Every structure is written in structure tokens, then in C-alpha cells.
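One structure is given below, encoded as C-alpha cells.
The values are calculated or read from the model by the stated rules, or taken from the named source; none is laboratory data. Quick caveat, the model's predicted, so the values are computed rather than measured. Because the Cβ atoms are built from the backbone with ideal geometry, glycine has one as well, and the counts that use them run over all protein chains shown. The area values use the complete protein model at the heavy-atom level, side chains included, leaving out ligands, DNA and RNA. Shrake-Rupley method; radii C 1.70, N 1.55, O 1.52, S 1.80 Å.
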Amino acid sequence: MKRSYVSDLKPNQKVLLKGWIHEIRDLAKLKFLLLRDNSGIVQCVVKDEKIPVSDLTLESVVEIKGKVKKAKVRAELARSDIELEVSEMEILNKAEKLPIQVNEKTTITELPRRLDYRSLDIRKPKIKAIFKIQSALLEGMKNYLDNNGFIQIFTPCIIGVPSESGSEVFEVNYYGKKAFLRQDPQLHRQLTILGGIEKLYDLGPSWRAEKSHTTRHISEHRTCAVELAFIESEKDTMRIEEQLIVSSIKNVLSKCKDELKLLGVQIKVPKTPFPELKFPEIYAILKKEGKDIYGQDPDTEAEKILWAYVKKKYNADFYFFSGFPHKIKPFYVMEGYPNPEWAKSVDLNFKGMEMSSGGQREHRYDKLIKNVEERGMPLKSVEWFTKFFKYGAPTHGGFAIGIERLTQVLLGLSNIREAVLFPRDTNRITP
């Protein structure tokens, strides 16, 4: 008999199911099991005393045969319309006593211990729902990009020199030479643009060795990074990013209704264009609220103030910051026109948290070298990158959206580690 899945069951079918035992209830002559597979949970009714229910433990892996019937008694978490009358059961792998609870009915396990036993933690329907939604977010992004002429590329995870600053990189031994895990393959994406691939996106991990012990920072994170050539200004990148977000959220709403309901989350497709707050006006807004940080990058407190301002004025969840002070941005960012004090740079924010950084890149070789010199960087350290701008570089720009942060804010998760299967931070490198 071919295996069936819980989500596909219909009354009067004879089926074979495989999965985990989520719950066991022994009511004298009748025994009720909740069987969980990748698609859902179904209540199984055991009447035959020969079926070895007494040998079962929670999370044991089983194979069950039976007939699907209309449900007489609704079980929490399980499908409400049907149940399975069990005719045969085989225990494929009996589970030992669990170190953490998987059904979480009586005790809510603290996050650090859950992460210690993450493979068990993921079995919880609510935890699995997070990653189904995250997958749908990415699928929505890819759908938009694939349908609009972008091609997916892969950039190196090991680099010979730090891409931004040497203080936040992980050093690795590369055949006896010093190398680094990438902070962000921004420069390699730009070189790919110079290579004639005009519209690209890059999905992959990056690493930052900053010692931040917060609910929004991790040492290893993933991004969806987009780069495109022949742009008129940084606003072209903003329009692409808006549509990327809209496509991703539409896909979640289309494919993850049950998961959103399970998590108790309501989301809506944002209106476009997203509001845009510009520097230096941003500093004036902050100063009115008693936060005078002229010339600096907005910190967490400033982001919260600006989020309240946007919510009140525009009633929007997604919004852009643009025109940062050029001196605080990386050397590859283009200066503004007519005032070079401000950069053609853009951050996307979502409910008070930065989701991405991007904008227009500097494509002129002389200006690029000037930026390097002004930041006190050795020209030799970036020559591998800058030299290609001598040979014809188009205007270009892009952005990189943090996948885990987007998931965290969209679902209202209290800690970004909830949005990572196996988080890596200052204290955790296993499992």
C-alpha cells in the first residue's frame, strides 16, 4: 500500500500513514493516538487490544494502517473533520524519554534548552510553521526575481580580505594562508555586474564576528541579495525591493494560511510605494524627540522613534531611510548629487527594525579610489576589486534583505534565533 499523508485524507479511504506519536490517551477500552507527519496531525482510534499501544512512547516513529472516518470527537491540533480507525500498527523506532516536551501542553521550555535539543524542538507544529512560512517568503522572492529577468548566482563564502572592516570577521586557515568568512559578498556581486550579468540575485549565508548579545543579532545569517545594472538612481533599487517584499508576502498569504492561523499571526500585503524618510530631515525628526545624533547612524532607540513617526504619519509597516551621511558608509557607496555630503544609500525598515541596506554603488574608478583614500584604507587591500572599474563599469545598485530578521518581525517572534534552524551566536556553535 502506498503511503498517504494526513493533509490528503478523505472519509472511507483505507490508508497507510507514517509519522511520529504526538500524544497518547488511554481511555480503558478505547485508546486515542495523535499521529503527526509533515503535513499535519490526525487522531487515531485504537479498539483492537492486540495492537501494541502499551509499548508506545511519545515521539516514537510508527506505521499505521486503517480506515478514515468522519470525526466523532475533535482532538486539539488534529484535523477536526476526520479520524483514523486503526487496523494495524508497527513501531518502526521507539523513542526514549524525551529531554524536552514536544507537545508543550503543561510546560513551556526555555529557548536555550530548546536550542540544545533543536531537532526535537522543530517537531512542534508551531515551530515547523515558522520555517514553512520562511520558505514561502523566499519562494515569493524568487518568483518575482525569476519572472523579471534576474538570474541566481553563487558568490564565495571564503574571501582573501575583509569586505568591510577587519574587526568583525572570522579568520580561517586556508591552506596555511589567512582568509576570512565573508561578511557580505557585496563586492563579488558588483564584479559580476561588471562581468556583464546585468540582473542577478544571490541567496546564501554571511558571518559577522560582532559580540552582540541581543534578540536581533546572530553571528551567521542569510540574505537575499539583489544587484542590477544601468539604474538611473538608488530609487530604482527601492522600487525593485518593494515588489520583492510584496511578492513574498502574497506567497505566504496564498500558501501558509494554516501556519499563520496556528501562530495567531495576521499579515497584509503592504501598499506601494513605501514611505521614504530622508537625511538630514531624519535628524530633525529625532532632535524634536530629544535624540540629537547628527552625522551618526541611527541606533535602536532612534529606529523606534522613527517607527512611531512613520506609523503615525503614514500608517505603514515598511519604509525606507535614504541619503545617509556619506562618510559613515562603505567606500563602494556613491555620494549624492548635488550635495556629496549625503550618500545614495537606502535602508529598508520594517516595524522599527532594519531589514536591508543598499542603494546605488560608485561605478567611476577615480571616485572609488577617492572614497578608499578618504577612509584611510590601503589601496592595495581593495585593488583586486577596484582595478576592474578601469575597464567599463555601468551604473548599478542593489540591496541585501536579511531573511531571519524579516521572518522575526513578520511573525512577531521575540528572538531572531526562533527564525533560524540551528542558530550560531557568541555562545552557540552546536548542534
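Things to note:
- Fraction of accessible area attributable to carbon and sulfur, the chain (%, probe 1.4 Å): 51 percent
- Contact order relative to length of the chain, as percent, for alpha carbon pairs under 8 angstrom and 6 or more apart: 13 percent
- Karplus-derived 3J(HN,Hα), 6.51/-1.76/1.60, for each residue of region 389-398, Hz, glycine and proline x: 6, 7, 10, x, 10, x, 4, 7, x, x
- Average Cα contact separation per residue, region 304-415, under 8 Å, 6 or more apart, as relative contact order %: 22 percent
- Helix 365-374 axis versus longest C-alpha principal axis of the chain: approximately 90°, rounded to the nearest ten.
- When both region 271-340 and region 102-153 are represented by their alpha-carbon centers, they are found 31 Å apart.
- Rounded to the nearest 10 degrees, the angle from helix 300-314 to the longest Cα principal axis of the chain is 80 degrees.
- Anchor residue 312: lysines whose Cα lies under 16 Å away (excluding residues fewer than 8 positions away in-chain): 271, 288, 304, 351
- Estimated FRET transfer efficiency (residue 117, residue 7; beta-carbon r; R0 35 Å; 0.05): 0.85
- Heavy-atom accessible area for residue 116, with the other protein chains in place and a 1.4 Å probe, reaches approximately 90 Å².
- Sequentially through region 54-62, phi angles give Karplus couplings (6.51, -1.76, 1.60; θ = phi - 60°) of 5, 7, 6, 10, 4, 6, 5, 8, 9 Hz, Gly and Pro residues having no value and appearing as x.
- Placing pseudo-labels 7 Å out from each Cα toward the beta carbon at residue 373 and residue 27 gives an inter-label distance of 8.3 nm.
- Normalised contact order of region 367-431, rounded percent, pairs of Cα under 8 Å and 6 or more residues apart: 15 percent
- Spacing of the two label points (7 Å from each Cα toward its C-beta) at residue 262 and residue 139, in nm: 1.4 nm
- Chymotrypsin sites (Phe, Trp or Tyr not before Pro) restricted to DSSP loop in region 276-339 with at most 16 other C-beta within 10 Å: 294
- Principal-axis tilt of helix 125-147 within the chain, Cα atoms, nearest 10 degrees: 50 degrees
- Loop-located GluC sites (Glu not before Pro) across region 1-94 with a Cβ neighbour count of 11 or fewer within 10 Å are 49, 76, with loop assigned by DSSP.
- Gyration tensor verdict on region 209-310 (Cα atoms; rounded if a/c is under 1.5, prolate if a/b is larger than b/c, oblate otherwise): prolate
- The slack between residue 311 and residue 272, meaning 0.36 nm per residue of separation minus the straight C-alpha distance, is 12.5 nm.
- Extension gain, residue 170 to residue 427, is 91.1 nm, computed as 0.36 nm per intervening residue step minus the present C-alpha separation.
- Computed extension length for residue 70-residue 217: 48.2 nm, one decimal, from 0.36 nm per residue of separation with the Cα-Cα distance subtracted.
- A Cβ-based charge dipole, computed about the Cα centre of region 1-137 with Lys and Arg at +1 and Asp and Glu at -1, lands at about 440 debye.
- Computed from backbone phi with θ = phi - 60° and the Karplus coefficients 6.51, -1.76 and 1.60, the 3J(HN,Hα) list for region 115-121 is 5, 5, 10, 4, 4, 6, 4 Hz; x is used for glycine and proline.
- Residue-normalised accessible area of region 323-431, given per residue in Å² at a 1.4 Å probe: 42 Å²
- Entries of 142/261; 235/370; 18/94; 10/65 with Cα pairs more than 20 Å apart: 142/261; 235/370
- Here the dipole of the chain is about 1320 debye; that uses its Cα centre as origin and unit charges on the Cβ of Lys and Arg (positive) and Asp and Glu (negative).
- CD proxy at 222 nm, helix term only [per DSSP H run n ≥ 4: -39500 (n - 2.57); per residue of the chain; nearest 500]: -8500 deg cm²/dmol
- Region 1-58: trypsin sites (Lys or Arg not before Pro) falling in loop per DSSP and having at most 12 other Cβ within 10 Å: 2, 29, 47, 50
- Averaged over its residues, region 134-279 has an accessible area of 49 Å² per residue, based on protein heavy atoms and a 1.4 Å probe.
- (1) 24.6; (2) 21.6; (3) 23.0, with the label sought being that of the calculated Kirkwood radius over Cα pairs in Å: (1)
- Spread of Cα-to-Cα distances over 5 Å intervals beginning at zero, given as percent, for region 13-69: 4, 18, 34, 28, 13, 2
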